[in-house]
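Here the structure is laid out as structure tokens; the discussion comes afterwards.
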Amino acid sequence: MIAIGVPAEGKDEPRIGLTPETVKKLVKAGAKVTVRSGAGLRSHFSDQEYTDAGAAIAKNDADAVADADVVFTVRRPPLALAKAMKKGAALIGMLDPFSDAEGLDALAKTGVSLFAMELMPRITRAQSMDVLSSQSNLAGYKAVVDASAAFERALPMMMTAAGTVPAARVFIMGVGVAGLQAIATARRLGAIVTATDVRPAVKEQVASLGAKFVAVEDEEFKQAETAGGYAKEMSDEYKKKQAALIADHVKNQDIVITTALIPGRPAPKLISKAMIESMKPGSVIVDLAAERGGNTELTKPGEIAEHKGVRIFGLLNLPGQVPVNASSLYARNLQAFIEPFIDKEKKTLAIDWDDELAKGTAIARDGAIVNAMVAERLGAKAGGAAKADPKPARATRAPTKTAPAKSVANGKAKAPAKRNGVKRQPKGGKTP
Ligand code: NAD
């Protein structure tokens, strides 16, 4: 019988890897689930609910994972947790694969198999396992709710006997998963919504949500999407034209939500200090790209900055502020990922290492890093025989290659000398 363990998360993480709902389904599929006592409380799931769903409760993390074949976490856990696991067991979570090379290598060396959910290939079959989407969607919602709570005026137009309250103007920059939900939420609240992106495919989606698309639509813009559906770094000339257009637009906005990201690169700076100074006092910016440096020049990651009456929210882990929904969706992503790897007859763990999804997300097996992209990037950080790589950094979510098992710490991994440690974050959070 496959055993699944769920430890508690660290103090900054209110989400949890499994919910009572998903425990019930996994128990039905033949799993034995053990949850650390109190681990679900910050998402409002009690030990009793887990017990009712069929889980056993362990009094500490080590007990929760000791016999597990699979351990589900939200974030990368401390080394001690991996050491408490069985060799060869699978540790599955948002493991932040491109930061803290030494920490990741140490986790790998415990002999635990590591799977980073952020690396899930974006193919149709994996949609139900896409943690970046499930968490970004909530971040987009929460960004608008936070902005409207901080904005000291109403969002919808109200016609009253005492006069008319004008509708607020909300501008969404970056229309991926988070941006689309931000548009939908702002529209529901009655705001006049505009949005921009560098990918032409987005124009129609923006219109279908009742918002207006604002962008420099030149030849470069028409080619700006990668085959994988992500944004490309734009030329300096395009950036200049775009900045002029945005500067003119931003000064009339009440709320700006920024979500612009380019895989493998720091967040593009889209809002300058001068643009912020052109906004009316009381305007609010929520920067969902704060984790990757921010889309504005004045974003302070983890803080609310204020400049000339304009507040810039750089808060992290927005999905963690909607933990009940975020945990529910995240747990369903994990359940969808693991179920195909449960042998239907023997009810044991049977990972198909040749499966595209296992290959895409596996970063360590039998004590070594097995993902080429991670090995390259971590090799550079670990001070290995780094070689300059003329190619630009690749999308972190591109299907990944597997490399021959090789320890990153042995310094032999070929790596670009100065790549950014890419942190694809469960958006809005020191997670995603
Ligand atoms: P993301 O988080 O990588 O980036 C957010 C948005 O910022 C993107 O729309 C990007 O184009 C935009 N952006 C980048 N630079 C910009 C700039 N200079 N100015 C304005 N906007 C800029 O994006 P995401 O939310 O991960 O979504 C990326 C794409 O992947 C979308 O098309 C989405 O629909 C698609 N997707 C596919 C699947 C699947 O399973 N097939 C799942 C989820 C998302």
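The values are calculated or read from the model by the stated rules, or taken from the named source; none is laboratory data. Note that the structure is a prediction, hence the values are computed from the model and not measured. Here the Cβ is made from the backbone with ideal geometry for all residues, glycine too, and neighbour counts use every protein chain on show. Remember, those area values only see protein heavy atoms, side chains included, never the ligands or the DNA or RNA. Shrake-Rupley method; radii C 1.70, N 1.55, O 1.52, S 1.80 Å.
Can you tell me which residue in segment 273-295 is nearest to the ligand (Cβ to nearest atom), limited to those that are assigned to a helix (DSSP H, G or I) and closer than 17 Å to Gly179 by Cα?
Keep residues of segment 273-295 that are assigned to a helix (DSSP H, G or I), which gives 273-278, 290-292.
Cutting the leftovers down to closer than 17 Å to Gly179 by Cα gives us 290-292.
Numbers: Ala290: 13, Glu291: 11, Arg292: 9 Å.
Here the residue is Arg292.
The listed residues are Ala195, Ala215, Ala227, Ala207, and the only one of them that is more than 17 Å from Ser133 (Cβ to Cβ) and more than 13 Å from the ligand (Cβ to nearest atom) turns out to be Ala207. Residues in segment 110-124 that are over 18 Å from Met373 (Cα atoms) and either out of contact with any Asp or Glu (no Cβ under 9 Å at 6 or more places or on another chain) or more than 9 Å from the ligand (Cβ to nearest atom) (or both): Thr110, Gly111, Val112, Thr124.
If you check Ala167, Ala186, which single one turns out to be farther than 30 Å from Thr73 by Cβ, over 22 Å from the mean Cα position of the chain (by Cα) and at pLDDT 95 or above?
Exactly one of Ala167, Ala186 is farther than 30 Å from Thr73 by Cβ, over 22 Å from the mean Cα position of the chain (by Cα) and at pLDDT 95 or above, namely Ala167.
Those strands (runs of 3 or more DSSP E) of segment 5-108 in which 1 or more residues are within 26 Å of the chain's Cα centre (by Cα) occupy 32-36, 70-75, 90-94. Looking only at residues in segment 1-26 that are open to solvent by 50 Å² or more (accessible area, probe 1.4 Å) and in contact (Cβ under 8 Å) with a residue 12 or more places away in the chain, the one that is nearest to Met85 (Cα to Cα) is Met1.
Given the structure, is Ile338 on the phi < 0 side of the Ramachandran plot, in a helix (DSSP H, G or I) and without any contact (Cβ under 8 Å) to a residue 40 or more places away in the chain? Before the answer, list the steps.
Numbers: on the phi < 0 side of the Ramachandran plot: yes; in a helix (DSSP H, G or I): yes; without any contact (Cβ under 8 Å) to a residue 40 or more places away in the chain: no.
Spelling it out, it is not the case that Ile338 is on the phi < 0 side of the Ramachandran plot, in a helix (DSSP H, G or I) and without any contact (Cβ under 8 Å) to a residue 40 or more places away in the chain.
The listed residues are Val165, Val144, and the only one of them that is in contact with a strand residue (DSSP E or B) (Cβ under 8 Å, 6 or more places away or on another chain), within 16 Å of the ligand (Cβ to nearest atom) and closer than 30 Å to Arg311 by Cα turns out to be Val144.
Sort through Leu270, Leu298 and tell me the only one that's within 11 Å of the ligand (Cβ to nearest atom) and among the hydrophobic types (A, V, I, L, M, F, W, C). Explain how you work it out, then say what you get.
Details: Leu298 fails: within 11 Å of the ligand (Cβ to nearest atom).
Result of the check over Leu270, Leu298: Leu270.
When Gln127 is tested against the conditions (1) within 9 Å of the ligand (Cβ to nearest atom); (2) open to solvent by less than 70 Å² (accessible area, probe 1.4 Å); (3) on the phi < 0 side of the Ramachandran plot, the lone failure is (2).
Tally up the residues in segment 345-358 that are touching a residue at least 40 places away in the same chain (Cβ under 8 Å) and part of a loop (DSSP other than H, G, I, E, B), please.
We begin by selecting, within segment 345-358, every residue touching a residue at least 40 places away in the same chain (Cβ under 8 Å); these are 347-349, 351, 356-358.
So of that shortlist, the ones also part of a loop (DSSP other than H, G, I, E, B) come out as 347-348, 351.
Qualifying residue count, segment 345-358: 3.
For segment 253-266, what are the residues that are more than 8 Å from the ligand (Cβ to nearest atom) and either within 19 Å of Leu180 (Cα to Cα) or outside any loop (DSSP other than H, G, I, E, B) (or both)? Scanning segment 253-266 gives Gln253, Asp254, Ile255, Val256, Ile257, Thr258. Among the residues making up segment 109-131, those that are modelled with pLDDT of 95 or more, touching a strand residue (DSSP E or B) at 6+ places or on another chain (Cβ under 8 Å) and among the aliphatic types (A, V, I, L, M) are Val112, Leu114, Ala116, Met117, Val131. All of (1) farther than 26 Å from Arg332 by Cβ; (2) open to solvent by less than 50 Å² (accessible area, probe 1.4 Å); (3) without any contact (Cβ under 8 Å) to a residue 40 or more places away in the chain hold for Leu91 with one exception: (1).
Evaluate segment 308-320: report whether one residue or more is open to solvent by less than 20 Å² (accessible area, probe 1.4 Å), assigned to a helix (DSSP H, G or I) and among the polar types (S, T, N, Q). So far as segment 308-320 goes, no, none of its residues is open to solvent by less than 20 Å² (accessible area, probe 1.4 Å), assigned to a helix (DSSP H, G or I) and among the polar types (S, T, N, Q).
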